[in-house]
Amino acid sequence: MKMGDPEEAEEHGRRLILHNFLSFQECKELEFIHKSNCTVGYRPHVFSTTLSHLMATNSAHLIMPFVPIRERLKEKVEEFFGCQYELFVEFTGLISWCRGSSIGWHSDDNRPYLKQRDFAAVCYLNSYGNDFKGGLFHFQDGDPATIVPSGGDVVIYTADSRNIHSVDEITDGERLTLALWFSRDATYDEDAKLITLLSQNFLHDNAPELCLPLPASSNMYWFSPDQASSDQQLGFDICWARLHVLGYDLLFHQDKSYCSNISELLMEPLRLTRGDELFEHEFINILHALQVVQFYCWKAPDFKSAKVEETTSVVVLSQSQRERFVCLKSLFVKDVRLVDSVFSNVTFVESAQHSFNWVDFTIAIATWEDYVRKLHRELVMSLPHWRTQQSIFNVSLDEK
């Protein structure tokens, strides 16, 4: 099976495998959202993006691509397990597993605070072999015993001890998933909580259409070899690291070589560099730059075919500018080899380096802004319907 083929289903009593449930573009869009917004996760070498985190970082509009997927998955789970109209989405999150991550045998309700979870759905956004090595999913008993992750496929199963499972250690690359859990208990309804957050904090009448992201606390982006510690004498900032593995460095608008506060630096205006070149466009902060860079990675093939004349402002770095970013780099990363070990996928990085040019990147900035405005308008138009129904669902164009 290849991503993009018609959806196929395998039923195995307590579990359901849906092949090609997500399209290639849906997978790539969720990958973009995760790689430009994720924080340090709940396990070593694991990173996560939650819907509430997107809201907290002024990126609430990015929940919109999740809406139709959540709706379709909920319908599939209710249909397969014969519980139509009984379920609530309890949690939605993007989770990536990098080199060194794994999890042993467990069920998804194996803690007192997880007992509300009745069903789980794991959607694979990329593929074993092509994008990562290791990371096979195993059930302790029953068929199929092993799931080989393939982009677009979904595994649905009961969250209890009837489906104890594990994930092999990732040995290379980054394994990307969208995970949802469902509950029969309305008190754990994620939709109600998200609608409350949106209503209270994010959609004011005077809110701008172009929502620029705002970084969270720096400790949420700090990866440490010892994940129990947030010691910033070890490890690296994951926003900087994701830019680094794609060939970018940062130069702040003003000389910040005297500053040792990473939380402050995350909020500072900056420009991007590659090699000897400085791109003179100013980004409002590191998260803004990261979102545009990851958007460019997602949409680069489209820009190659676009015959648009764009002017770019690129200059050669001065020696003093080089010294500035080398000094600041030592704040964002304590071990470059660790960055490369955790994030680098050699094939992907070489491809990204080979195909880059600043003209396409300039087009990406304008296209990203259009994308953000479009999602923001959809969110603004959908929210009144969500409030009325106390449910997040795909509002049709007619209703809008």
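Observations, loosely collected:
- Over the chain: helical MRE at 222 nm, DSSP H runs n ≥ 4 each giving -39500 (n - 2.57), nearest 500: -11000 deg cm²/dmol
- Label reach from Met267 (point 7 Å along Cα→C-beta): in segment 312-343, amide nitrogens under 19 Å belong to 332.
- Largest accessible area first, the residues Met55, Met381 order themselves as Met381, Met55 under a 1.4 Å probe with ligands, DNA and RNA left out.
- Sulfur and carbon atoms: percent of accessible area, the chain [1.4 Å]: 49 percent
- Farthest positive-ward along the chain dipole, Cα basis, beta-carbon charges - from Gln140, Ile363, Phe236: Phe236
- Residues Asp172, Asp108, ordered by accessible area of protein heavy atoms at a 1.4 angstrom probe radius and largest first, appear as Asp172, Asp108.
- Computing FRET efficiency as 1/(1 + (r/R0)^6) for Asp335 and Val148, where r is the C-beta to C-beta distance and R0 is 45 Å, gives about 0.85.
- Karplus (6.51, -1.76, 1.60) ³J(HN,Hα), θ = phi - 60°, over segment 152-165, in Hz, Gly and Pro reported as x: x, 7, 10, 10, 10, 7, 5, 8, 9, 5, 6, 10, 5, 8
- Simple label model, 7 Å out from Cα along Cβ direction - Asn58 to Asn110, nm: 4.1 nm
- Segment 86-205, dipole about Cα centre (Lys/Arg Cβ +1, Asp/Glu Cβ -1), debye to the nearest 20: 260 debye
- Beta-bridge orientation, segment 37-168: approximately 95 percent antiparallel, per DSSP, counting only bridges with both partners inside.
- With Cα atoms, 0 to 90° folded angle of helix 24-35 axis to the chain main axis: 60 degrees
- 0 to 90° range, to nearest 10: angle between helix 286-305 axis and the chain longest Cα axis: 80 degrees
- The chain - charge dipole about Cα centre, Lys and Arg +1 at Cβ, Asp and Glu -1, debye rounded to 20: 560 debye
- When the charge dipole of the chain is built from unit charges on Cβ atoms (+1 for Lys and Arg, -1 for Asp and Glu) and taken about the Cα centre, the candidate among Phe119, Leu194, Leu265 whose Cα reaches farthest toward its positive end is Leu265.
- Net length gained if the chain between Arg387 and Gln84 were fully extended (0.36 nm per residue, minus Cα distance): 106.9 nm
- Pairs from Lys28/Lys299; Lys74/Lys115; Lys35/Lys299; Lys76/Lys374; Lys28/Lys374 whose Cα-Cα separation, in the structure shown, is over 21 Å: Lys76/Lys374
- Nearest 10 degrees, 0 to 90: helix 358-389 Cα axis against the chain principal axis: 40 degrees
- Cα-projected label distance for Ser320 with Leu234, points at 7 Å along beta-carbon direction, nm: 3.9 nm
- P(r), alpha carbons of segment 99-220 - 5 Å bins starting at zero, rounded %: 2, 9, 14, 17, 15, 14, 13, 9, 5, 2, 0, 0
- Surrounding net charge for Pro144, when Lys and Arg each add one and Asp and Glu each subtract one, Cβ distance under 9 Å: -1
- For the chain, the solvent-accessible area with a 1.4 angstrom probe is 44 square angstrom per residue.
- 28 Å tail of the calculated P(r), the chain, as % of Cα pairs: 49 percent
- Placing pseudo-labels 7 Å out from each Cα toward the beta carbon at Leu136 and Phe24 gives an inter-label distance of 2.7 nm.
The values are calculated or read from the model by the stated rules, or taken from the named source; none is laboratory data. This is a predicted model, so every value here is computed, not measured. Neighbour counts are summed over all protein chains in view; Cβ atoms, including those assigned to glycine, are modelled from backbone coordinates with ideal geometry. For the accessible areas, the whole protein counts, side chains as well, though only heavy atoms, and no ligand, DNA or RNA atoms are used. Shrake-Rupley method; radii C 1.70, N 1.55, O 1.52, S 1.80 Å.
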